[in-house]
Amino acid sequence: MADKKHKLLEVKGLTMDFGGLRAVDSVSLEVHEGEIAALIGPNGAGKTTFFNCVTGIYNPTKGDILLHPKGLETRRLNGLKPNKVTEMGLARTFQNIRLFPDMTVLENVMIGRHCRTKAGIFRAILRDKGVREEEQLIVESSYQLLEKVGLEDFANEFSKNLPYGAQRRLEIARAMATDPFLLLLDEPAAGMNPQETADLDQLIRKISEEEKIAILLIEHDMKLVMHISNPIYVMEYGKKIAEGSPQEIKDNPKVVEAYLGEETDA
Amino acid sequence: MLQNLKQSLIVSLWFVFLTFPLMVIRVNTMDQVVVWRWMNMLWVALASFILSYLWRYMLTRQQMRKAVAEEGGETRSKLQLLLEDMSFRYKAMGVLLLAALIFPQVFDTYQSTIMISALIYVVLGLGLNISVGLAGLLDLGYVAFFGVGAYSYALLNHHFDLGFWITLPIGGIIGCLFGVVLGFPILRLRGDYLAIVTLGFGMIFKVVMENWSSLSFGPSGIANIDKPSFFGMDLSLADSTIYIYYIMIALVIFTILVTNRLKNSRIGRAWIAMREDEIACVAMGIDMARTKLSAYALGAFWAGMVGVLFASKTTFINPASFTFMESAIILSIVVLGGMGSILGVILGAFILILLPEYMRAFSEYRMLAFGAAMVIMMIFRPQGIISNLRQTYQYKGLKGKTNNG
């Protein structure tokens, strides 16, 4: 195995209970540098809960979430606030789009730069040279990100007026503005038409190859998942039931059972 | 069109029927006769017909606008487009500034006094606009910060003989501190719960000030507060009013400048993002606690500062000046003017403070008109008189590079 690659995210035995309900049951998962990993599974398998635990929205009941940034010491993410997790270089998008509807497209991306810039209240009021330069830098880097996802023509539109597929891409651009080394995409292709999905396929590959950002995605579009991601992790009822390359997953009887139901003799 | 007319006619007839016993028949019990006031019936019919037709006309117009917006057409009004024109904005600002400067020379002391109170509300509105309009944190007890500022000056002046100019920033900072004090317990609250706690805060302030007599002199208040000094000179009442007017103008300009800069800064964007979606905001790496506290603290700062000026203007304060009614008026200024829009808030303040002042004849109907205006606004222009202008940015030298990707 080509396990020489640097391990970025390591989740060990992650468990999340909501009262008596165990939504995620000791799931382990690794994402290496340069990978596009996928987390799949039927609805309600606990994939989004898993994401929410990793990104700090929930505090997991048990298990370890370890982040190994390159050249920096390992950090344990358990119990950290979402903004701290983002600061460490792990960005995410949401299953049901969560843009800032009454802000322009560019401003949405500019928000992503927030944690990488530092002008405080007093300097914002004084607006000295450093602040002006920083502002200009935010604008330009945000605009470049919009170009990367192909939304530069909409820069000054309100984000609520964007078509659905464009909103999804804007969410990706916004997440990338936080300078992550690992990007978590929660169903990026949900609700997209085949053309938009194909564009997304391209975009995800581009992010992975050109920006050197590792990606972990939740997705139901099997064509997309099988096409771009390796390895694939499969969850069902909160448990991880399989992991491996697309081919291994396709041939795994447990996965087939999870998706299509048990085979019965007629 | 015809449909609307028909509907309005029906409404009008229905109103005539409903109001018939009240407006038309009057039984004169003395003379035991019934007076038929047919003219009243005509008035009711006419008024209800016109109002109903106007109502329907506005509604259809609004729906048409919505349809245009859905097709991606131009929805900005002419006023909005005019405001986005920079050169017009500068010219308008110049004219307004000039008008503001010569105002006290042209009009008498009474007019200046009214204008000062309107300007006080402008600053209050702009301050509240930070927490409500930008950060989306409803605050129903905002007047407490105003009171904190006023009492800081009154007490510091009474006990330590501190002057107006030293206390002006101190009042702002004390307001700020109280903003943080209020901010901490409500970090986790939102929506209705937030509204209730802030409402409580406003009430608590007033009750404490009424009952803690050893500190605040209770309901009888504090009198003989010094007016602002002008290089140690004693001014006559008229002169000092003009002087306070100019201080107020300067304060308003200062507030506009600072809030405008804040709004278009990294902090301001974080506030707006927090208003739009808290979860997405925190996932983008924005520290929620710090952002919320800064919004409350900076909102309260202005109230504290203008509170100092209020105390020095009236030279007497007591808790009765800081009732929930005041909070409601300041909030209405922000909502009516347009949440997040600086120009809107200024207009809102002038409308809500000056109109009742100049229409004293109808003062009995003040609250009625107030309520009606609010309802009508919420239906036809929920975004306020002037909705927030969209900020556009310059990306220099980037357009040419687009072809490479």
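The values are calculated or read from the model by the stated rules, or taken from the named source; none is laboratory data. For clarity, every value in this text was computed on a predicted model and none was experimentally measured. Every residue, glycine as well, gets a Cβ built from its backbone with ideal geometry; the counts of neighbours run over all protein chains shown. Please note that ligands, DNA and RNA were not included when accessible areas were found on the heavy atoms of the full protein model with its side chains. Shrake-Rupley method; radii C 1.70, N 1.55, O 1.52, S 1.80 Å.
Odds and ends about this structure:
- If you check B:177, B:257, B:168, B:199 for being of a type in the set (A, V, I, L, M, F, W, C), modelled with pLDDT of 90 or more and within 30 Å of residue B:392 (Cβ to Cβ), only one passes: B:257.
- Hey, residue A:168 crowded, with 18+ Cβ neighbours inside 10 Å and outside the structural domain of residue A:30 (by TED's automatic domain parsing) or not: yes
- Residues of the range A:101-147 classified as facing chain B (nearest Cβ under 8 Å) and of a type in the set (A, V, I, L, M, F, W, C), total: 12
- Only residues that are assigned to a loop (DSSP other than H, G, I, E, B) and either within 14 Å of another protein chain (Cβ to nearest Cβ) or of a type in the set (D, E, K, R) (or both) were counted in the range A:73-97, giving 11.
- Evaluation of residue B:291 against (1) of a type outside the set (D, E, K, R); (2) out of contact with any Pro (no Cβ under 9 Å at 6 or more places or on another chain); (3) farther than 19 Å from residue B:198 by Cβ (one fails), failing number: (3)
- Scanning the range A:150-183 for residues that are among the hydrophobic types (A, V, I, L, M, F, W, C), within 10 Å of chain B (Cβ to nearest Cβ) and part of a helix (DSSP H, G or I) gives a single hit, A:175.
- Just one of the listed residues (A:189, A:198) is farther than 18 Å from residue A:8 by Cβ and surrounded by 16 or more Cβ atoms within 10 Å (Cβ to Cβ), namely A:189.
- Here is the figure for the range B:261-275: residues that are facing chain A (nearest Cβ under 7 Å) and over 21 Å from the mean Cα position of the chain (by Cα) total 6.
- Of all residues in the range B:22-38 being surrounded by 10 or more Cβ atoms within 10 Å (Cβ to Cβ) and in a helix (DSSP H, G or I), the one that is farthest from the chain's Cα centre (by Cα): B:24
- Index of the failed condition, residue A:261 passing every other in (1) out of contact with any Gly (no Cβ under 7 Å at 6 or more places or on another chain); (2) modelled with pLDDT of 90 or more: (2)
- First in the range B:212-239 and at positive phi, second anywhere and of a type in the set (Asp, Glu) and surrounded by 15 or more Cβ atoms within 10 Å (Cβ to Cβ), Cβ under 8 Å, 6 or more apart: B:218/B:210
- Hey, residue A:13 surrounded by fewer than 18 Cβ atoms within 10 Å (Cβ to Cβ), more than 14 Å from every other protein chain (Cβ to nearest Cβ) and either in a helix (DSSP H, G or I) or touching a strand residue (DSSP E or B) at 6+ places or on another chain (Cβ under 9 Å) (or both) or not: yes
- Filter result (within 23 Å of residue A:34 (Cβ to Cβ), open to solvent by 30 Å² or more (accessible area, probe 1.4 Å) and not basic (Lys, Arg)) within the range A:67-99: A:68, A:71, A:72, A:73, A:74, A:87, A:88
- Test: residue A:209 is modelled with pLDDT of 90 or more, in contact with a Ser or Thr (Cβ under 6 Å, 6 or more places away or on another chain), part of a helix (DSSP H, G or I) and charged (D, E, K, R): no
- Filtered residues of the range A:155-165 (kept if touching a Leu at 6+ places or on another chain (Cβ under 6 Å) and surrounded by fewer than 24 Cβ atoms within 10 Å (Cβ to Cβ)): A:155
- Residues (exposed (fewer than 14 other Cβ atoms within 10 Å of the Cβ) and under 30 Å from residue B:285 (Cα atoms)) located in the range B:231-259: B:257
- Where residue A:191 falls short, out of the listed (1) under 26 Å from residue A:100 (Cα atoms); (2) at pLDDT 90 or above: (2)
- Yes/no for residue B:293 being open to solvent by 10 Å² or more (accessible area, probe 1.4 Å), under 24 Å from residue B:259 (Cα atoms) and either in contact with a Gly (Cβ under 8 Å, 6 or more places away or on another chain) or free of Cβ contacts under 8 Å to residues at least 40 places away in the same chain (or both): yes
Conditions (1) open to solvent by less than 30 Å² (accessible area, probe 1.4 Å); (2) assigned to a helix (DSSP H, G or I); (3) aliphatic (A, V, I, L, M), marked per residue:
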site	(1), (2), (3)
B:65	no, yes, no
B:97	no, yes, yes
B:100	yes, yes, yes
B:104	yes, yes, no
B:122	yes, yes, yes
B:128	yes, yes, yes
B:137	yes, no, yes
B:154	yes, yes, yes
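- In the range B:178-190, of all residues being out of contact with any Leu (no Cβ under 6 Å at 6 or more places or on another chain) and touching a residue at least 24 places away in the same chain (Cβ under 8 Å), the one that is surrounded by the fewest Cβ atoms within 10 Å (Cβ to Cβ) corresponds to B:184.
- Among the residues of the range A:213-256, the one identified as at positive phi and either buried (at least 20 other Cβ atoms within 10 Å of the Cβ) or under 14 Å from the mean Cα position of the chain (by Cα) (or both) is A:238.
- Being of a type outside the set (Ser, Thr, Tyr), under 23 Å from residue B:269 (Cβ atoms) and either surrounded by 12 or more Cβ atoms within 10 Å (Cβ to Cβ) or at pLDDT below 70 (or both) is a description that applies to residue B:398.
- Residue match in the range B:353-376 (condition: hydrophobic (A, V, I, L, M, F, W, C) and touching a residue at least 60 places away in the same chain (Cβ under 8 Å)): yes
Each row is one residue, and each column tells you yes or no for (1) in a helix (DSSP H, G or I); (2) in contact with a Cys (Cβ under 9 Å, 6 or more places away or on another chain).
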{"residue": "A:53", "(1), (2)": "yes, no"}
{"residue": "A:56", "(1), (2)": "no, no"}
{"residue": "A:59", "(1), (2)": "no, yes"}
{"residue": "A:65", "(1), (2)": "no, yes"}
{"residue": "A:71", "(1), (2)": "no, no"}
{"residue": "A:110", "(1), (2)": "yes, no"}
